[in-house]
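Chemist: Supplied in structure tokens, the structure appears directly below.
Where a number appears in this text, it was derived from the coordinates with a stated rule and is not lab data. Remember, it's a predicted structure, so these values are computed and weren't measured experimentally. We place every Cβ from the backbone using ideal geometry, glycine too, and count neighbours over all the protein chains shown.
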Amino acid sequence: MKTVKLISSILLVAILSFSCSSDSDSQPNCDEISAQTLAAEDAFNAATPANHTELCNAYKAALQNQINTCGDPVGDLQAIIDDLGDCTLTSTPSVTVTVGTLVKTFESNLTVTTVGTLKKIKVYDNVNDSDFVYFEIQQGATGANAFTNFNIHLISSDYNPTPVNEGGNWTSNITVNNTTNITGTFYGYVTSPTTGADLSLTQGSITVSL
């Protein structure tokens, strides 16, 4: 009887081991989960006001899935979820962008200078009135890279889109450009030409009424 019990125990352990191995093999690994999170982040970074909430919630779900599957030892992923809040836009400023983790809003002292068909647009930060965003755009131009000479001025330093050959990923898209409104999105790395410092801009949104 002892021999029978021993064999039965061995068979049970083998079956459980096989079952656990099969379950493990069927689960996506953390590299795959992380890749899914990065894809959701990229989509959210390119969000417009129209799909902001949808893509924000998808990004939060991807982050939560990564936490559940791979863990979050120091709480970085949970901190991002907390920062995203309830994914609703509470206002529609002229220009809003996240610099690193800091959300900046520019909607004060908007100036539009027209030279022929070229519009030169400058708008200042609501809180720190020395910070501003500047860009130029041809009347009616829409689509990718429609605006040029982008400059964001932060704490006495100017930052411009980082060149592609230096690792830049600057992306912009203008969806509306008429005599009264300019609407679009942007994100990517910017570099200070004087200090060489780099910053990451995400969730950039332009809604300017002229």
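Chemist: Once phi is turned into ³J(HN,Hα) by the Karplus curve 6.51 cos²θ - 1.76 cosθ + 1.60 with θ = phi - 60°, what whole-Hz value does each residue of segment 105-113 show in order, with x for glycine and proline?
Modeler: Result, rounded to whole Hz: 10, 10, 8, 10, 6, 5, 10, 10, 10.
Chemist: I'd like to compare 102-109, 69-76: which one has the highest average count of other Cβ atoms within 10 Å, and what's the full order after that?
Modeler: By packing density, highest mean first, the sequence is 102-109, 69-76.
Chemist: A further question follows. Going Cα to Cα from residue 120, which aspartates and glutamates come in below 17 Å? Please leave out same-chain ones fewer than 8 positions away.
Modeler: Those aspartates and glutamates meeting the cut-off are 107, 131, 136, 158.
Chemist: What FRET efficiency do you get for residue 84 and residue 29 if R0 is 25 Å and r is their Cβ-Cβ distance, rounded to the nearest 0.05?
Modeler: Step by step, r from the Cβ atoms, then E = 0.50.
Chemist: In segment 95-209, if the dipole is taken from +1 on Lys/Arg beta carbons and -1 on Asp/Glu beta carbons about the Cα centre, which of 202, 154, 172 is farthest to the positive end?
Modeler: The Cα lying farthest towards the positive end belongs to 172.
Chemist: OK, next. Residue 57 versus residue 210, label points 7 Å from Cα toward the beta carbon: distance in nm?
Modeler: Placing both labels 7 Å along Cα→Cβ, they lie 3.6 nm apart.
Chemist: Sorted by mean Cβ packing within 10 Å, highest first, what order do the peptides 190-196, 53-59 take?
Modeler: Details: 190-196: 13.3, 53-59: 17.7.
Per-residue Cβ counts within 10 Å, averaged per peptide and sorted highest first, yield 53-59, 190-196.
Chemist: What aspartates and glutamates sit close enough to residue 60 to cross-link, taking a C-alpha to C-alpha distance under 12 Å and skipping anything fewer than 8 places away on the same chain?
Modeler: Leaving aside aspartates and glutamates fewer than 8 places away in the same chain, those within reach of residue 60 are 41, 82, 83, 86.
Chemist: Can you order the peptides 111-118, 135-142 by their average number of other Cβ atoms within 10 Å per residue, highest first?
Modeler: Numbers: 111-118: 10.4, 135-142: 16.8.
Descending packing order for the listed peptides: 135-142, 111-118.
Chemist: What number, in nm² with one decimal, is the all-direction average of the projected area of the convex hull of the alpha-carbon atoms of segment 95-209?
Modeler: If you wrap the Cα atoms of segment 95-209 in a convex hull and average its projections, you get 6.8 nm².
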